[in-house]
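Single-structure report; data block below.
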Amino acid sequence: MQGLVPAAGRGTRLGALTDERPKGLVEVAERPLLAYAFDAAIDAGVTELVVVVGYEGAQIVDRFGDAYRDVPLTYVHQRERLGLGHAVLQAESHLDERFLLVNGDNVFAD
């Protein structure tokens, strides 16, 4: 199963924390937010991750590369950040019929 992780947002409500980095790389308990989303998706059975990047997206690509925990990562660039629905539409050509959507700015814990 594929997992879609929207991570294109600027994170303006986080103020200076996102002046020069994307919201998904803001650290919580010494881990980037995206690591929590990726782990939750993989633990739910996802075998491929499609990540929608936008603001400072190259930093996300540089940080995570082609795979996370041996699960392949595909990056889709959202040029205009027009909301979550738009992010899903940008990734549509990379997705199968069924996929799991996990927001890239949430922390998941047991």
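The values are calculated or read from the model by the stated rules, or taken from the named source; none is laboratory data. If you're wondering where the values come from, they're calculated on a predicted model, not measured in any experiment. Every residue, glycine among them, receives a Cβ derived from its backbone with ideal geometry; neighbour counts consider all protein chains shown. Surface areas here come from the heavy atoms of the whole protein model, side chains and all, with no ligands, DNA or RNA. Shrake-Rupley method; radii C 1.70, N 1.55, O 1.52, S 1.80 Å.
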> How many residues are part of a helix (DSSP H, G or I) and hydrophobic (A, V, I, L, M, F, W, C) if we restrict to the range 91-103?
Replying inline: 1
> Within the group Val52, Val88, Val107, which residue is crowded, with 19+ Cβ neighbours inside 10 Å and either assigned to a loop (DSSP other than H, G, I, E, B) or under 14 Å from the mean Cα position of the chain (by Cα) (or both)?
Replying inline: Val52
>> If I filter the range 1-49 down to residues being surrounded by 16 or more Cβ atoms within 10 Å (Cβ to Cβ) and polar (S, T, N, Q), which single residue comes out as nearest to Tyr75 (Cα to Cα)?
In response: Gln2
>> Cβ contacts < 7 Å: first residue closer than 13 Å to Gln2 by Cα, restricted to the range 86-104; second residue among the hydroxyl-bearing types (Ser, Thr, Tyr) and open to solvent by less than 80 Å² (accessible area, probe 1.4 Å), any location; separation 6+ or different chain. Result?
In response: His94/Thr74
> Looking at Ala35, is it within 21 Å of Ala109 (Cα to Cα) and of a type outside the set (Val, Ile, Thr)?
Replying inline: yes
> Can you name every residue in the range 7-45 that is assigned to a loop (DSSP other than H, G, I, E, B), under 15 Å from Arg63 (Cβ atoms) and not aliphatic (A, V, I, L, M)?
Replying inline: Glu20, Arg21, Pro22, Glu30
> Can you name the residue in the range 1-33 that is polar (S, T, N, Q) and modelled with pLDDT under 85 and is also farthest from Leu82 (Cα to Cα) among such residues?
Replying inline: Thr18
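Hey, any hits in the range 67-83 for a residue that's open to solvent by 80 Å² or more (accessible area, probe 1.4 Å), over 11 Å from Gly104 (Cβ atoms) and part of a strand (DSSP E or B)?
Taking every residue of the range 67-83 in turn, at least one turns out to be open to solvent by 80 Å² or more (accessible area, probe 1.4 Å), over 11 Å from Gly104 (Cβ atoms) and part of a strand (DSSP E or B).
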> If we keep just the residues of the range 2-17 that are touching a residue at least 12 places away in the same chain (Cβ under 8 Å) and out of contact with any strand residue (DSSP E or B) (no Cβ under 6 Å at 6 or more places or on another chain), which is farthest from Tyr68 (Cα to Cα)?
Replying inline: Leu14
